[in-house]
Amino acid sequence: MEQDNQGRKQRAVNGGIVVMKEIRSESKLTFFEATSIIVGHGVGSGILSVPFLASRNRWYDILWIILLVYGINLVMHFMIAELSYNNGGAQFIKCFEKELFVGRMKKAATWFAFGLLGFSVVVNVSGFIAGASAVFEAWFGLPSAAGMLLFYVLAASVVYIGMKLVGICEKIAVFSMVGVIGILFIATLISDVSPLPASFVSASNLLALYSMVSFSLSAVMSVPQVVKGLNGDRNQIMGSIAAGTGINVGLILLITFMTLLGAGSGVTENGALVDLSLHLGGWVSIIGYIFSLLALATSFWANTLNLRDIVNEQTGWGVKKSWLAASLPCLVIALIGVESFVGFTRLAGVVQVLTGIGIIIAYNRSRKHEGSSLICGRLGTIPFQVIVVVSSLLSTIGSLLAVS
């Protein structure tokens, strides 16, 4: 066993021997648990919004756009994995502190970045809580506040127990979501189907579609969890990231094409499952409720687990107090009323873009310091770093464009 561990700590990279760092983690994840955390972070409102934008483009545009975004996002996720690995499995803020911020303002800049990123995650998670409450209200007639409290208690308790349970629950939820979407896809094919859209509308529609697909395939904040949970194993880290984003590609394709075939030109901004319900009948709403709750739960687990670790790294409060600090403000904001935070939500998106650019700069410096590249190899060189930054900026522009 000891020899096996020693063997795992050394890998051949670019013809040389690189000594692998020892990554400390609260628990070890299996490959499928790590993969499911990547899937769970990405699944959410973005995937359900892709069909509307796809309906405003030619049907084959989704194919080349999703392949392009998958390739670029994969490189970006590998860079983030290597940045975290080089810093012992640390989350973004600690990586920024070590690699990006320098001089007298280092501490102030670190805390400022911590506040912005934390705010961004809290606002997003409060939206998950409000969304789950809407499902409980529509399905069981629960009052809004009661639905929020119920979802918070059920979802937050998983994160309270720890990363291992999050990985297990994410795995179960991912298999369940794939099953649910499979049922809907078959139901769509055996019903009356509509022709797929084949008309070019505008370049802005293409860019908006690119932006939404990019958002839907992003799981950047969960990558450090994978690095830690897999104990820095290069092959498993790269495999789980590729498989996790690949599963989300499959979900996007299934949901998008079954919505286009089922709802045709009647696709709206209400979400893919709402439009399918109108076409296939009332039973789809039950399936939609189940999928929505699973998607919201997986996103809640992944985001609050990430924020818990960011808080703990920055404050040293310990995982339990950090869990409370990461999750309770989300519930408070949801109870106050997410609608009043629409402007904040847009700001949260801008913060995430700035964070993404900061990550690439930090990665560039980390790669130079290390003098080797265990995970990315040539995919982490300057041209690919530029491509990732340009893609991030295009996604931001696309998210602000009106869709015709």
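Every condition in (1) touching a residue at least 60 places away in the same chain (Cβ under 8 Å); (2) over 30 Å from Leu196 (Cα atoms) is met by Glu137 except one, and the failing one is (1).
Do we find that Leu196 is closer than 17 Å to Val267 by Cβ and either under 17 Å from the mean Cα position of the chain (by Cα) or part of a helix (DSSP H, G or I) (or both) in this structure? Spelling it out, it is not the case that Leu196 is closer than 17 Å to Val267 by Cβ and either under 17 Å from the mean Cα position of the chain (by Cα) or part of a helix (DSSP H, G or I) (or both). Residue check: Ala208 meets all listed conditions (1) hydrophobic (A, V, I, L, M, F, W, C); (2) touching a Gly at 6+ places or on another chain (Cβ under 9 Å); (3) part of a helix (DSSP H, G or I); (4) farther than 19 Å from Ile66 by Cα but one, namely (4). Considering (1) more than 30 Å from Leu254 (Cβ to Cβ); (2) modelled with pLDDT of 95 or more, the lone condition that Gly71 does not fulfil carries the number (1). Restricting attention to the stretch 1-51, the residues that are modelled with pLDDT under 70 and among the hydroxyl-bearing types (Ser, Thr, Tyr) total 1.
Which residue is nearest to Asn73 (Cα to Cα), if the candidates are limited to the stretch 370-400 and must be among the small types (Gly, Ala, Ser) and open to solvent by 30 Å² or more (accessible area, probe 1.4 Å)? Ranking the qualifying residues of the stretch 370-400, first place goes to Ser399.
Contact annotation: residue pairs with Cβ atoms under 7 Å, 6 or more positions apart or on different chains, pairing a residue in the stretch 373-390 that is under 21 Å from Asp233 (Cβ atoms) with a partner that is open to solvent by 40 Å² or more (accessible area, probe 1.4 Å) and in a loop (DSSP other than H, G, I, E, B), are Gly377/Asn14.
Yes/no matrix, rows are residues, columns are (1) in a helix (DSSP H, G or I); (2) among the aromatic types (Phe, Trp, Tyr); (3) open to solvent by less than 10 Å² (accessible area, probe 1.4 Å); (4) in contact (Cβ under 8 Å) with a residue 24 or more places away in the chain:
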| residue | (1), (2), (3), (4) |
| --- | --- |
| Gly232 | no, no, yes, yes |
| Gly262 | yes, no, yes, yes |
| Leu273 | yes, no, no, yes |
| Ile290 | yes, no, no, yes |
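Taken as a whole, the stretch 103-115 holds no residue that is open to solvent by less than 20 Å² (accessible area, probe 1.4 Å) and closer than 18 Å to Phe300 by Cα. For the stretch 121-149, the set of residues classified as surrounded by 19 or more Cβ atoms within 10 Å (Cβ to Cβ) and either on the phi > 0 side of the Ramachandran plot or touching a Gly at 6+ places or on another chain (Cβ under 8 Å) (or both) consists of Phe128, Ala132, Ser133, Val135, Phe136, listed by residue number. Here Lys321 passes the criteria (1) touching a residue at least 60 places away in the same chain (Cβ under 8 Å); (2) open to solvent by 30 Å² or more (accessible area, probe 1.4 Å); (3) of a type in the set (D, E, K, R) except the one numbered (1). Screening Ser214, Ser204, Ser199, Ser176 for residues that are crowded, with 21+ Cβ neighbours inside 10 Å and among the polar types (S, T, N, Q) leaves exactly one candidate, Ser214. Determine which member of the set Ser120, Ser126 is closer than 24 Å to Leu273 by Cα and of a type in the set (S, T, N, Q). From the options Ser120, Ser126, the qualifying one is Ser126.
Assess whether Ser36 counts as being among the polar types (S, T, N, Q), open to solvent by 40 Å² or more (accessible area, probe 1.4 Å) and assigned to a helix (DSSP H, G or I). Here the answer is no, as Ser36 does not meet what is asked.
Flag set for Gly162, criterion: on the phi > 0 side of the Ramachandran plot, open to solvent by less than 10 Å² (accessible area, probe 1.4 Å) and in contact (Cβ under 8 Å) with a residue 40 or more places away in the chain.
The values are calculated or read from the model by the stated rules, or taken from the named source; none is laboratory data. If you're wondering where the values come from, they're calculated on a predicted model, not measured in any experiment. Reconstructed Cβ throughout: ideal geometry from the backbone, glycine too, with neighbour counts over all protein chains shown. Protein only, heavy atoms only, side chains kept; ligands, DNA and RNA dropped before computing areas. Shrake-Rupley method; radii C 1.70, N 1.55, O 1.52, S 1.80 Å.
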